[in-house]
Amino acid sequence: MRLFTYTIISLLFLSIASCSYFYGDKQNVAKEGHLYIYPNATYQQVLDSLKPFLKDIEQFDAVAQAEEYDRYVKPGKYFIKEGETNEEIALKLKNGDEEQVKVMVQNSPTIFHLARGASKHIYADSADIVEAILENPTFKEKGLDLETSKMYFIPNTYFFKWITTGEGFVERMITEHGKFWNDERKQLLANSGMTELEVYTLASIVQMEASKADEQPKVAQAYLNRLKQGRKLEADPTSVYAYKLEHGFDEKIQRVYHKHLKTASAYNTYQVTGLPPAPITLPNGTAIDAVLKPEKHDYIFFCADPDRPGYHSFTSSYAEHLKNAAKYRKWLKENNIK
């Protein structure tokens, strides 16, 4: 009886091995596409998900079992490519050779906007990312909250595995933050007399005020001049941010009115002196560098220049600034921008 059992098992093994030998190099892709394997997925669930992509699922099953993939199911996002053989697909899935996904961290105003954008491309949902930020040991140790922790998320294009968790996303961004702060930037920070949070906060205002990277160092110096003189920054983007914190971020504001300037908030630099308590957006590396290495000048005032879209007119004279502002308001009216 025992010999009979061993014989049956051996025959089954030889049968699987034989199928693997004949089917392994068979091209079996019916259509290209992305296969998503979720955490804790079973081998049978993988087969069910693969059926739309393959011409013959039984062929693949034989090869996959011979490669013992049924014992090593790994979650992830995989690209099933035309021309691939059964063996190539099985080994790709067994080895966890995921396709990386592109995540663009943009100039988000809040952590919630950041989390919503990132969660569109990785497995973690926005709530997972927010919770990971709140519970991150590094942030807790530094006493950072959902506003001040924004300085750890520098806008850029990053590549992740789709299966990335909220914790994994946050830890990766902390690593990228560490790479950004090289020895040169650390020295510039020390020379600035500002804290890292203060640099990020001012950089966020510069980012929102100056869309042209080549003008950001000039704008940064104008704000630094105001801070040095004890003046209010009176930065329009801070009043808009304060207003949206109170009324929601869905409203598109093209022009700043008195109702925006009057918003009572620690973020509104028309109402308070000095910097806001945290960044009003995620600033680009260029804006951070502009604050660390500003363009030296004595200008205090600047106003959008309608003759040079995207740029500003700078002056140290309040009278001249009023003329520049009047010119810009006239342009807004002529172009019906409300």
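With θ taken as phi - 60° and the coefficients 6.51, -1.76 and 1.60, list the Karplus ³J(HN,Hα) couplings across region 164-181 in order, rounded to whole Hz; mark glycine and proline as x.
3, 8, x, 4, x, 5, 5, 5, 5, 5, 5, 5, 5, 4, x, 5, 4, 7
Which of the trypsin sites (Lys or Arg not before Pro) found in region 65-103 are in a DSSP loop and have at most 16 neighbouring Cβ atoms, other than their own, within 10 Å? Please report the intermediate quantities before stating the final value.
Working: sites: Arg71, Lys77, Lys81, Lys92, Lys94, Lys102; in loops: Lys81.
Passing both the DSSP loop test and the Cβ count: Lys81.
At 37 °C and 0.692 mPa s, what whole-number value in µm²/s does Stokes-Einstein give for the translational diffusion of the chain, with Rh from the Kirkwood sum over Cα pairs?
Translational diffusion coefficient: 137 µm²/s.
With every protein chain present, what accessible area does Glu135 have (1.4 Å probe, heavy atoms only), rounded to the nearest 10 Å²?
Estimated to the nearest 10 Å², Glu135 gives 110 Å².
Reachable lysines from Lys327, Cα under 18 Å, same-chain residues fewer than 8 places away excluded?
The qualifying lysines are Lys338.
Treating the angle as unsigned and between 0 and 90°, give the value, to the nearest 10°, between the Cα long axis of helix 236-247 and the longest Cα principal axis of the chain.
On a 0 to 90 degree scale, this one is about 60.
With r defined as the distance between the Cβ atoms of His247 and Ala319 and R0 fixed at 41 Å, what FRET efficiency is calculated, to the nearest 0.05?
0.75
Here are some pairs, Lys140/Lys218; Lys140/Lys186; Lys142/Lys232; Lys218/Lys323; Lys150/Lys259; Lys232/Lys330; which of them have Cα atoms lying more than 24 Å apart in this structure?
Lys140/Lys218; Lys142/Lys232; Lys150/Lys259; Lys232/Lys330
Compute, for region 178-262, the length of the dipole vector about the Cα centre, with Cβ point charges of +1 (Lys, Arg) and -1 (Asp, Glu) only. Units Debye, rounded to 20.
260 debye
For Ala264 and Lys26, calculate 0.36 nm times their separation in residues minus their Cα-Cα distance, and state this gained length in nm to one decimal.
Full-extension gain reported as 78.7 nm.
Along each of the three principal axes of the Cα atoms of region 69-157, give the extent in whole Å, ordering the values from largest to smallest.
51, 26, 17
Which parts of region 124-141 would a label at Glu167 reach, counting a residue when its backbone N lies under 15 Å from a point 7 Å out along Cα-to-Cβ?
So the set is 124-125, 128-140.
Which far-off residues, 5 or more places away or on another chain, put their amide H under 5 Å from the one on Asn284, with H placed in the peptide plane?
Here nothing satisfies the definition.
Compute the relative contact order of the chain as a whole-number percentage, counting only Cα pairs closer than 8 Å that sit 6 or more residues apart in sequence.
Values: 544 pairs, mean separation 47.2, N = 338.
Once divided by the residue count of the chain, the mean separation gives 14 percent.
So what are region 34-85's ellipsoid semi-axes, whole angstrom, largest first, if each one is the square root of 5 times an eigenvalue of the alpha-carbon gyration tensor?
Over the Cα atoms of region 34-85, the ellipsoid semi-axes are 16, 14, 10 Å.
Report the normalised scattering of region 205-333 as log10 I(q)/I(0) at q = 0.12, 0.20, 0.22 Å⁻¹, calculated by the Debye formula with identical scatterers on the alpha carbons.
-0.44, -1.34, -1.57
Rounding to the nearest 20 debye, state how big the charge dipole of the chain is about its Cα centre with +1 on each Lys and Arg Cβ and -1 on each Asp and Glu Cβ.
Dipole about the Cα centre, nearest 20: 1540 debye.
Report in % the part of the accessible area of the chain that belongs to carbon and sulfur, leaving out ligands and nucleic acids; probe 1.4 Å.
The computed percentage sits at 50.
If packing is taken as the average number of other Cβ atoms within 10 Å across a peptide's residues, how do 215-222, 193-200 rank, most packed first? All intermediate terms of the calculation are to be shown ahead of the outcome.
On the way: 215-222: 23.5, 193-200: 17.2.
Peptide ranking by packing, descending: 215-222, 193-200.
What does region 175-259 give for Rg and for Dmax, in Å, if only its C-alpha atoms count?
15.1, 44
Binning every alpha carbon pair distance of region 23-113 at 5 Å from zero, what are the percents per bin?
2, 15, 24, 24, 13, 6, 5, 5, 4, 2, 0
Shape call for region 127-183 from the C-alpha gyration tensor, a ≥ b ≥ c root eigenvalues: rounded (a/c under 1.5), prolate (a/b greater than b/c) or oblate?
In terms of gyration-tensor shape, oblate.
So which lysines can Lys74 reach, going by Cα to Cα under 24 Å and dropping same-chain residues fewer than 8 places off?
Candidates past the 8-residue exclusion: Lys26, Lys31, Lys51, Lys55, Lys92, Lys94, Lys102, Lys120, Lys161.
Which whole-number percentage describes the relative contact order of region 162-310, with Cα contacts under 8 Å and a sequence gap of 6 or more?
33 percent
Once every DSSP H run of n ≥ 4 in the chain is given -39500 (n - 2.57) and the sum is divided by its residues, what mean residue ellipticity at 222 nm do you get, rounded to the nearest 500 deg cm²/dmol?
It comes out at -15000 deg cm²/dmol, rounded to the nearest 500.
Taking the Cα-to-Cβ direction at Leu91 and at Ile174 and moving 7 Å from each Cα, how far apart do the two end points lie in nm?
Rounded to a tenth, the inter-label distance reads 3.7 nm.
Would you mind getting the accessible area per residue of the chain, heavy atoms of the protein chains only, 1.4 Å probe, in Å²?
Computed with neighbouring chains in place, this is 55 Å² per residue.
So how much slack lies between Thr273 and Glu135, counting 0.36 nm per residue of separation and subtracting their Cα-Cα distance, in nm? The partial results should precede the final answer.
Working: separation 138, 0.36 × 138 = 49.68 nm, distance 3.21 nm.
Once the chain is fully extended between Thr273 and Glu135, it gains 46.5 nm.
The values are calculated or read from the model by the stated rules, or taken from the named source; none is laboratory data. Given the structure is predicted, the values throughout are model-derived calculations rather than measurements. Neighbour counts are summed over all protein chains in view; Cβ atoms, including those assigned to glycine, are modelled from backbone coordinates with ideal geometry. Keep in mind that these areas ignore ligands, DNA and RNA; they rest on the heavy atoms of the full protein, side chains included. Shrake-Rupley method; radii C 1.70, N 1.55, O 1.52, S 1.80 Å.
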